[in-house]
1. When region 213-235 is examined, which residues are found to be touching a strand residue (DSSP E or B) at 6+ places or on another chain (Cβ under 7 Å), over 17 Å from GLY183 (Cβ atoms) and away from ligand 2 (no atom under 16 Å from the Cβ)?
2. What about ILE4, is it open to solvent by less than 60 Å² (accessible area, probe 1.4 Å), more than 24 Å from GLU358 (Cα to Cα) and at pLDDT 95 or above?
3. Could you pull out every one of the helices (runs of 4 or more DSSP H) wholly within region 97-202 that has 1 or more residues that are away from ligand 1 (no atom under 16 Å from the Cβ), more than 29 Å from VAL57 (Cβ to Cβ) and outside the structural domain of LEU337 (by TED's automatic domain parsing)?
4. Does any residue of region 321-333 turn out to be without any contact (Cβ under 8 Å) to a residue 60 or more places away in the chain, in contact with a strand residue (DSSP E or B) (Cβ under 9 Å, 6 or more places away or on another chain) and away from ligand 1 (no atom under 15 Å from the Cβ)?
5. How many residues does region 62-93 contain that are under 18 Å from LEU337 (Cα atoms) and either in contact with an Asp or Glu (Cβ under 6 Å, 6 or more places away or on another chain) or not in a helix (DSSP H, G or I) (or both)?
6. Kindly evaluate VAL216 against the criterion of being assigned to a helix (DSSP H, G or I) and either under 19 Å from ALA250 (Cβ atoms) or open to solvent by less than 30 Å² (accessible area, probe 1.4 Å) (or both).
7. Going through region 28-51 one residue at a time, which ones are among the hydrophobic types (A, V, I, L, M, F, W, C) and either open to solvent by 10 Å² or more (accessible area, probe 1.4 Å) or within 15 Å of the chain's Cα centre (by Cα) (or both)?
8. Scan region 7-58 for residues that are outside any strand (DSSP E or B), at pLDDT 95 or above and over 30 Å from ALA238 (Cα atoms) and jot them down.
Amino acid sequence: MARIIEVRGRRVWDSRGRPTVEAEVIVGRGTTPLASGRAIAPAGASTGSGEAKSVDVPRAVQNINTRIRDALRALSVSDQAALDRRLIELDGTADKSRLGANAIVAVSLACAHAAAAAAKMPLWRHLAGERRVALPVPQIQIFGGGAHARGRVDVQDYMVICIGAGSFAEALEWTAQVYAAAGARLAKKGALQGVADEGGYWPAFKSNEEALAELVGAIADAGLEPGVDVSIALDLAATQLYRGGSYHFALDGRALSAEQLHAMLLRWIESYPIVSIEDPFAEHDAEAMRAFTEAAPIQVVGDDFFVTRAAKLRNAQGACNAVLLKPNQVGTVTETLACWEAARAMGYGAIISARSGETEDVSIVHLAVGWGVPQLKVGGFSRSERMAKWNEGLRIEGALGGKALPYPARKLFRR
Ligand code: 2PG
Ligand code: MG
């Protein structure tokens, strides 16, 4: 049995040029090193108030190199639940603010990588065991807004889901076509202003709805059929829009009550091929979330609303019908898995998600495949911290060959 010999933390840099934490876990028999695993903590910009709290990077690194290393040394690397329990106990707070969620998530993921490496398996295979697996269906950002593009549009993510694609590879191929077409349309309008934090275009639209019309236009320009081949997913990240009792859409010059927002979103769903909306209401607005989930014939995703906490999900009482899973939102691999298991037991959908501040780390792709989470959200279709994850999915799909379960897009989004 491989045991942890050493745990190291170091400061590295993320896709926004900000410092973050990398952890490296070395395992072996006796004092002989056998294998190692590495992971980097991501960082959000539109964070839920219930998220586990990071500490500043030098402190997180110091915590890894001292207290965490001392606590994990000599433990078996193959018992992820026990390792995560140890990290949670050592931290001792409800929000991981003593050791830092950034330190804890990097170490927890690095342990998973080290366990897989010791077993001489890719992480996805190590997590899946003998179970057959499928590639997840991507949600890919075409236009970025909200906190990721200084509020240039209010809606944070305008994404595509290739609901008619027959494989992960085909979904990426279609996305590449839509992304190129969208860029060409923006350039023609003089509305192309580079890319936002997650690699989607930073657009100069005149209204939030114009982005929807442009996205439908781009899908058609790409020679694909909107609503049949490719549909739309939105993340309103509405906690960011909520102030003084209403939802502020600055670009449209309007402040909406929850009822008005509900009506506007239902109208958008009628007019555009939208199959999924994330955080349509603020994190505290459970009533509005419930009413909308009941009324809207689409996937309604809780991100800030659930913050990857199984207990919050079990308390949902009809709010949302899917959950976003972000390991750093809750802090450990085991707690992320618990939230996914709760979702599955309740019949909720699930999407593993990256953060707006990312790196070359591709752990979440392995979690999605290994755990059988049916969808994956990584941001856009440019910037290598995003493409690294899409490309990792291609490698896994290639390695699976004919042994993969059927690609789930058509089944998930049958209209
Ligand atoms: C979200 C994420 C990713 P952030 O809101 O879903 O798009 O953004 O990492 O800034 O919370
Ligand atoms: Mg979100």
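1. SER231
2. The answer is yes for ILE4.
3. 123-128
4. yes
5. Adding up the residues that qualify gives 3.
6. Numbers: assigned to a helix (DSSP H, G or I): yes; either under 19 Å from ALA250 (Cβ atoms) or open to solvent by less than 30 Å² (accessible area, probe 1.4 Å) (or both): no.
Spelling it out, it is not the case that VAL216 is assigned to a helix (DSSP H, G or I) and either under 19 Å from ALA250 (Cβ atoms) or open to solvent by less than 30 Å² (accessible area, probe 1.4 Å) (or both).
7. If the condition is that a residue be among the hydrophobic types (A, V, I, L, M, F, W, C) and either open to solvent by 10 Å² or more (accessible area, probe 1.4 Å) or within 15 Å of the chain's Cα centre (by Cα) (or both), then LEU34, ALA35, ILE40, ALA41, ALA43, ALA45 are the ones that fit.
8. Matches in region 7-58: PRO58 only.
The values are calculated or read from the model by the stated rules, or taken from the named source; none is laboratory data. On a predicted model such as this, the values are computed, not experimentally measured, just so you know. Cβ atoms come from the backbone with ideal geometry, glycine included; neighbour counts cover every protein chain shown. Protein only, heavy atoms only, side chains kept; ligands, DNA and RNA dropped before computing areas. Shrake-Rupley method; radii C 1.70, N 1.55, O 1.52, S 1.80 Å.
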